[in-house]
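Enquirer: One structure coming up, written as structure tokens, with questions to follow.
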Amino acid sequence: MARRGFRVLLEWDPEDRVWVTYVPDLDWLSTYGETKEEALEQTREAILGYMEAAAKEGLSLPAPRPVPEMVEVEVAVG
């Protein structure tokens, strides 16, 4: 079976107190979990569901997007 990796953005949501994931290559597919591990497992399941739905509809998966770069910008305050 072929395998494909997906980049996943993982961030803590302090308001809901959960880890939230986003998969940019799959239309920003998102899910969450109480722990990082749970969030990532939910993400794996969501990716599989996305892939199954795409296959059922005869759609191909989007090509991987370029890796985004995160930079810090300083601004004067006060």
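Enquirer: From the list Leu40, Leu10, which residue is surrounded by 10 or more Cβ atoms within 10 Å (Cβ to Cβ), assigned to a strand (DSSP E or B) and touching a residue at least 24 places away in the same chain (Cβ under 8 Å)?
Expert: From the options Leu40, Leu10, the qualifying one is Leu10.
Enquirer: Please work out which one of (1) out of contact with any Gly (no Cβ under 7 Å at 6 or more places or on another chain); (2) surrounded by 10 or more Cβ atoms within 10 Å (Cβ to Cβ) is the condition Val18 fails and give its number.
Expert: (1)
Enquirer: Taking the condition of a type in the set (Ser, Thr, Tyr) and loosely packed, with under 14 Cβ neighbours inside 10 Å, does Thr35 pass?
Expert: Against the criterion (of a type in the set (Ser, Thr, Tyr) and loosely packed, with under 14 Cβ neighbours inside 10 Å), Thr35 qualifies.
Enquirer: Kindly indicate whether Leu48 is of a type outside the set (Val, Ile, Thr), part of a helix (DSSP H, G or I) and surrounded by 15 or more Cβ atoms within 10 Å (Cβ to Cβ).
Expert: no
Enquirer: Across segment 51-70, what is the number of residues that are within 13 Å of the chain's Cα centre (by Cα) and in a helix (DSSP H, G or I)?
Expert: 0
Taken together, the values in this text are just the output of simple stated rules run on the coordinates, not laboratory data. Just so it is clear, the structure is predicted and the values come from calculations on it, not from any experiment. Note: ideal-geometry Cβ built from the backbone for every residue, glycine included; neighbour counts use all protein chains shown.
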